[in-house]
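Asker: This structure is in structure tokens; I'll ask about it shortly.
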Amino acid sequence: MPIIKDHADKSALVTAFADHIAGLIRDAVASHGSASLVLSGGTTPADLFARLDMIDLPWDKVYLTLSDERWVDLDDPASNEAMVRRTLSGAVAKGATVVGLKSVGGTPADGLARTSSRLATMPRPYDLVLLGMGEDSHTASFFPGAMGLSEALSGALGLAVAAVTPAGGVPARITLTLPELLRSRAIALLITGEKKKSVLDAALQPGPVEAAPVRAVLHQDKVPVSIWWAP
């Protein structure tokens with residue numbers, strides 16, 4: 001079962017988690033020469049990254065990518081990659097490598113092979129996969145009822161990424177597949193608020209993955225999972 005790390009408030013959570021990630025980066029660089037992280041979009045991760053950016057680390061040996069991305073360009077406000085580059089601007093300036101998921105093509109399906117090839121430059125296994133969770137129980141771009149969910153969970157195409165279109169149709173997304181997320185030493189789920197805690201509690205119970213896709217991460221036994229939560 002995942003380990004749940006409770007914090008008094010969001011500020012305490014962000015500070016503690018940033019320190020944890022900093023220690024993980026230092027240990028990874030010391031043990032195998034680089035650190036490789038998969039990051040998540042969202043407001044709380046943005047605050048976390050801004051705090052992490054203030055810590056002196058060997059950023060020139062750090063590789064960063066995203067768990068998923070809307071199929072939008074870098075200049076779009078909805079771009080997760082743009083958020084990472086903005087909140088970790090100091091890290092990027094010091095040499096951190098950011099491997100984006102958005103590539104050429106009109107749709108995510110058009111860019112899958114190119115993005116998968118780009119991700120091959122990331123050191124594996126990932127030292128940390130950081131995920132969020134929505135109030136609909138999605139994580140990465142594993143949305144209930146989404147077109148492409150089955151391929152994203154199974155990795156049936158044999159690529160690191162899959163194309164997913166949430167119910168409603170927009171925006172189309174590209175996501176690391178579940179097998180790719182599990183090519184990691186550790187997974188951390190970052191959530192805040194009582195409502196999401198209730199969603200999490202339900203997802204920790206047995207049930208179909210398709211109804212609550214975060215279960216695909218919570219109920220696997222290949223990679224240890226920690227849950228970082230604050231009200």
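Asker: Stokes-Einstein D for region 1-104 at 20 °C, 1.002 mPa s, Kirkwood Rh over Cα pairs, in µm²/s? Mind dumping the intermediate values first?
Answerer: Details: Rh = 14.3 Å.
It diffuses with D of about 149 µm²/s by this estimate.
Asker: How high is the relative contact order of the chain, in percent, counting Cα pairs under 8 Å that sit 6 or more residues apart?
Answerer: It rounds to 24 percent for the chain.
Asker: Below 13 Å, Cα to Cα, which aspartates and glutamates can K102 reach? Residues fewer than 8 away in the same chain don't count.
Answerer: Hits, sequence-local ones excluded: D68, E69, D73, D75, D76, E81, D110.
Asker: OK, next. Determine the distance separating the Cα centre of region 69-93 from the Cα centre of region 192-231; give it in Å without decimals.
Answerer: Region 69-93 and region 192-231 have Cα centres separated by 26 Å.
Asker: Could you tell me which GluC sites (Glu not before Pro) in region 129-231 are loop residues by DSSP with no more than 16 other beta carbons within 10 angstrom of their beta carbon?
Answerer: Answer in residue order: E135, E210.
Asker: I want to verify a result. In a Gaussian network model of the chain, Cα cutoff 10 Å, which of these has the top mean-square fluctuation: V209, V199, V170?
Answerer: Looking only at V209, V199, V170, the largest GNM fluctuation is found for V170.
Asker: Moving on. What distance in nm lies between label points placed 7 Å from Cα along the C-beta direction at T43 and T107?
Answerer: 3.3
Asker: With r as the distance between the Cβ atoms of V170 and D201 and R0 = 41 Å, compute the FRET efficiency 1/(1 + (r/R0)^6) and round to 0.05.
Answerer: Values: r = 30 Å, r/R0 = 0.74.
Between D201 and V170 the formula returns 0.85.
Asker: Over the C-alpha atoms of region 3-230, what are the Rg and the largest Cα-to-Cα span, Dmax, in Å?
Answerer: 16.3, 46
Asker: Enumerate the amide H contacts of A188 below 5 Å, restricted to partners 5 or more residues apart or on another chain; note that Pro and chain-start residues carry no placed amide H.
Answerer: Under 5 Å from the amide H of A188: V129, L130, L131, S226.
Asker: Would you please state the base-10 log of I(q)/I(0) at q = 0.16, 0.17, 0.21, 0.26 1/Å for region 138-225, with intensities from the Debye formula using one equal scatterer on every alpha carbon?
Answerer: Treating every Cα as an identical point scatterer, log10 I(q)/I(0) equals -0.63, -0.71, -1.07, -1.38.
Asker: What share of the DSSP beta bridges in region 3-230 is antiparallel, in percent to the nearest 5?
Answerer: If we restrict to bridges inside region 3-230, about 25 percent are antiparallel.
Asker: Counting other Cβ atoms within 10 Å of each Cβ, which trypsin sites (Lys or Arg not before Pro) in region 79-120 have at most 16 and sit in a DSSP loop?
Answerer: Numbers: sites: R85, R86, K94, K102, R114, R118; in loops: K94, K102.
Passing both the DSSP loop test and the Cβ count: K94.
Asker: Further, regarding this structure: What lysines does K5 reach when the alpha-carbon gap must be under 18 Å and sequence neighbours fewer than 8 apart in one chain are set aside?
Answerer: Within the straight-line limit of under 18 Å, K5 reaches these lysines: K195, K196, K197.
Asker: Report the full-extension gain for the segment V98 to A211: residue separation times 0.36 nm, less the Cα-Cα distance, to one decimal in nm.
Answerer: 37.4 nm
Asker: I'd like the FRET efficiency for D9 and S154, computed as 1/(1 + (r/R0)^6) with the beta carbon distance as r and R0 of 35 Å, rounded to 0.05.
Answerer: 0.35
Asker: Find how much the distance from S117 to S31 grows on full extension, using 0.36 nm per residue of separation minus their present alpha carbon separation; answer in nm with one decimal.
Answerer: Using 0.36 nm per residue and subtracting the Cα-Cα distance, I get 28.4 nm.
Asker: So how far apart, in nm, are the two label points at A16 and R185 if each is 7 Å from Cα heading toward Cβ?
Answerer: Taking the simple label geometry, A16 and R185 are separated by 2.2 nm.
Every number here is computed from the coordinates shown, using simple stated rules; none is lab data. Computed from a prediction, not measured in an experiment: that's the story for all the values here. As a convention, Cβ positions derive from the backbone with ideal geometry for all residues, glycine included, and neighbour counts pool all protein chains shown.
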